[in-house]
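Here the structure is laid out as structure tokens; the discussion comes afterwards.
The values are calculated or read from the model by the stated rules, or taken from the named source; none is laboratory data. This structure is a prediction, so every number in the text was calculated from the model and none was measured. A quick note on method: Cβ atoms are made from the backbone with ideal geometry, for glycine too, and the neighbour counts reach across all protein chains shown. These accessible areas exclude ligands, DNA and RNA; they are computed on the full protein's heavy atoms, side chains included. Shrake-Rupley method; radii C 1.70, N 1.55, O 1.52, S 1.80 Å.
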Amino acid sequence: MGSRKQDSSIARKEANKDVVKASLNNCPSSPRKMRLVADIIRGEQVDKALYILKYSKKDASNKLEKLLLSAMANWQVKNEGADIEEANLIVKEIFVDSARQLKRLRPAPQGRGYRIRKRSNHVTLILGNKEN
């Protein structure tokens, strides 16, 4: 009984070798600005996505480039001895969720205060093989 459970966990680990995940939490930029860059690289091959992020003028592209490099490093740790160029890795999923907001007050006319919301976001990036 215990060996069947162990066999299924080993099979699941073998299936998950192709899929790796990296996440960036509490990034101090607006989720809307981050999604603009994330939409560009979704579904692209890893080397092409790195090229796009490296030469993009957006500030969010620097943070996503670092996250993509981290996901590639995670893939290399999972697949020791394998070549990353031959793996046909693509950006399988990338999604941006909103995180905490810092709420500040800016002085306004006639004694009022206008609320400023300084937004931040969470980014999750999943790499997978092209075949899957």
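Here VAL77 passes the criteria (1) under 13 Å from the mean Cα position of the chain (by Cα); (2) part of a helix (DSSP H, G or I); (3) not acidic (Asp, Glu) except the one numbered (1).
Mind checking whether some residue in the stretch 104-120 is assigned to a strand (DSSP E or B), crowded, with 16+ Cβ neighbours inside 10 Å and at pLDDT 95 or above? Yes, that holds for at least one residue. Which ones in the stretch 43-73 are loosely packed, with under 15 Cβ neighbours inside 10 Å, in contact (Cβ under 8 Å) with a residue 12 or more places away in the chain and not in a helix (DSSP H, G or I)? Listed by number, the residues that qualify are GLY43, GLN45.
Among residues of the stretch 115-132 that are more than 21 Å from ASP59 (Cα to Cα) and small (Gly, Ala, Ser), those with a beta-carbon under 7 Å from a residue that is open to solvent by less than 60 Å² (accessible area, probe 1.4 Å) and in a loop (DSSP other than H, G, I, E, B) at least six positions away or on a different chain give the pairs GLY128/VAL19.
Run down ASP7, ASP83, ASP39, ASP97 and say which single residue is more than 18 Å from GLU131 (Cα to Cα), open to solvent by 40 Å² or more (accessible area, probe 1.4 Å) and at pLDDT below 95. Outline the logic, then answer.
Details: ASP83 fails: more than 18 Å from GLU131 (Cα to Cα); ASP39 fails: at pLDDT below 95; ASP97 fails: at pLDDT below 95.
Going through ASP7, ASP83, ASP39, ASP97 in turn, just one is more than 18 Å from GLU131 (Cα to Cα), open to solvent by 40 Å² or more (accessible area, probe 1.4 Å) and at pLDDT below 95: ASP7.
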